[in-house]
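The values are calculated or read from the model by the stated rules, or taken from the named source; none is laboratory data. Given the structure is predicted, the values throughout are model-derived calculations rather than measurements. Cβ placement follows ideal geometry from the backbone for every residue including glycine, while neighbour counts extend to all protein chains displayed. What goes into the accessible areas is simple: the full protein's heavy atoms, side chains included, and nothing from ligands, DNA or RNA. Shrake-Rupley method; radii C 1.70, N 1.55, O 1.52, S 1.80 Å.
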Amino acid sequence: MTAIDARHATTATQPFDVTRVREDFPILRQLVRGKPLVYLDSAATAQKPQAVIDTLVRYYTTENANVHRGVHYLSQQATDDYEGGRSKVRAFLNAKEDREIIFVRGTTEGINLVAATYGRKNLGPDDEIIMTAMEHHSNIVPWQILCQEQGAKLRVIPMNERGELLMEEYEKLLNPRTKMVSVVHQSNALGTLNPVAEIIRLAHQQGVPVLLDGAQAVPHMVIDVQSLDCDFLTFSGHKLFGPTGIGVLYGKAALLEAMPPYQGGGDMIRSVTFERTTYNDLPYKFEAGTPHIEGSIGLGAAIDYLTALGLEQTAAYEHELLAYGTGRLSEVPGLTIIGTAREKAGVLSFVLENVHPHDIGTILDTEGIAIRTGHHCCQPVMDRFGIPATARASLAFYNTREEIDALVAGLHKVVEVFG
Ligand SMILES: *Cc1c(COP(=O)(O)O)cnc(C)c1O
């Protein structure tokens with residue numbers, strides 16, 4: 001067993017007890033519109049276990065102080081715990097060093113940081129950035145802004161009807177002008193798991209760095225940045241059962257060292273005069289201003305919680321639930337699942353004949369069922385499938401088969417109303 005297997009399989013001998021696990025999530029106990037809440041929107045944001053909530057309350061109740069420059073007790077405690085969060089992220093991703101973990105606001109800011117620093121420094125006219133046809137807007141727009149500034153170009157790996165990348169097209173797109181490959185690991189709109197190890201291997205053959213948008217993958221599978229050999233990876237705390245407003249950019253130290261700073265201000269400097277500023281070491285060079293102290297601490301608590309459950313176990317349970325949900329949804333008349341990749345996780349996107357997804361969501365809401373409807377920040381995916389929107393149920397390990405049954409019952413009502 002490798003170190004990472006051991007870390008993520010601590011309780012793997014016991015069966016996954018979803019009833020007990022649900023007790024850790026106070027929000028799931030409530031009634032919504034008089035019905036038990038059925039929360040099927042974890043791809044938009046995940047619910048928080050009591051351990052995370054308690055950690056935030058404890059921080060503000062007993063420890064709140066600014067970090068890094070304080071000599072007093074509270075400041076030292078807050079600094080230790082803020083940096084402790086960073087170490088937990090490092091271990092969770094199996095990164096080599098704490099200084100490769102940069103705290104940002106979320107996935108979106110992580111990508112913007114790389115585009116604005118690495119991108120501005122290294123991409124010029126006619127250079128190319130390769131992405132996929134299933135990117136979230138957060139992994140399109142920052143690169144588009146860079147292209148407008150630098151005269152670079154976006155190239156897009158197409159996908160088939162199932163929502164799987166055409167890897168032979170990717171190989172054709174790679175060329176000496178390619179300066180960056182930035183791809184989503186798991187699609188939030190389709191659930192597709194992309195073959196990122198192969199994508200990285202092919203890019204590295206040409207000396208091209210790869211950024212992974214890990215917003216969906218990191219909460220739902222074991223990620224090892226060293227064995228993947230990705231150059232950058234970014235994810236959001238709030239989708240990993242942690243607080244909002246905190247996220248992570250992992251980058252290989254050598255790349256981060258060579259990048260110019262992102263924002264200027266406090267903490268990111270070593271010395272400042274009106275003539276000249278020298279920058280701080282990693283990771284602080286990229287963390288200007290007072291950081292999201294309780295965000296790091298809360299994210300650390302979320303990682304502890306998930307690690308104790310065992311990410312291999314939660315992933316296996318979610319996978320089983322996805323298979324069950326896929327089967328049950330196919331019983332609903334007129335329903336088509338959008339995104340049927342063979343390698344897929346956690347997401348059931350669908351359309352219903354003659355019903356706008358918005359109406360599906362509204363009717364399900366009256367049953368206390370929370371799903372998301374719309375383009376899921378992936379308008380190019382909707383265009384690819386020739387639809388304006390989908391309804392999307394997304395899963396986490398606290399969901400149950402009974403909740404899937406409730407979703408299916410709700411959809412039968414939708415069909416009755418519109419049928
Ligand atoms: C949610 C999401 C993002 C954006 O994350 P933020 O937390 O809003 O910054 C980017 N990519 C994917 C695949 C996502 O699911």
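Numbers at a glance
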| item | result |
| --- | --- |
| Overall dimensions of the chain by Cα: Rg and Dmax, Å | 21.9, 72 |
| With 5 Å bins from 0: P(r) over region 63-137, alpha-carbon pairs, percent | 3, 12, 14, 16, 18, 15, 9, 6, 5, 3, 1 |
| For the chain, built as a Gaussian network whose Cα springs stay under 10 Å, the top-fluctuating residue of Lys35, Lys153, Lys172 | Lys172 |
| Cα-projected label distance for Thr290 with Val141, points at 7 Å along beta-carbon direction, nm | 2.8 |
| Nearest-0.05 FRET efficiency for Ala51 and Tyr279, computed from C-beta distance (R0 35 Å) | 0.45 |
| Difference of contour (0.36 nm per residue) and Cα-Cα distance, Ala44 to Glu171 | 42.5 nm |
| Accessible surface of the chain [probe 1.4 Å, protein heavy atoms]: carbon and sulfur percent | 53 |
| More than 28 Å apart - percent of Cα-Cα pairs taken over region 1-143 | 47 |
| Anisotropy class of region 187-279 from Cα gyration tensor, a/c 1.5 cut | oblate |
| Nearby aspartates and glutamates by direct alpha-carbon distance to Lys285 (threshold 16 angstrom, same-chain neighbours under 8 apart not counted) | Glu83, Glu97, Asp98, Glu100, Glu109, Glu257, Asp267 |
| Among Thr336, Thr278, Thr373: highest mean-square fluctuation, GNM of the chain, C-alpha pairs under 10 Å | Thr278 |
| Alpha-carbon radius of gyration plus Dmax, which is the widest Cα pair, for region 247-317 in Å | 16.9, 58 |
| Separation between Cα centres of region 63-102 and region 305-379, rounded to whole Å | 36 |
| Ellipticity estimate at 222 nm from DSSP helix runs (n ≥ 4, -39,500 (n - 2.57)) divided over the chain, nearest 500 | -11500 deg cm²/dmol |
| Cα extents of region 250-398 along the three principal axes, largest first (Å) | 70, 38, 32 |
| Estimated dipole of the chain in Debye, rounded to 20 [Cβ of Lys and Arg +1, of Asp and Glu -1, Cα centre] | 460 |
| Pairwise centroid distance, computed over Cα atoms, of region 203-223 with region 116-150, Å | 16 |
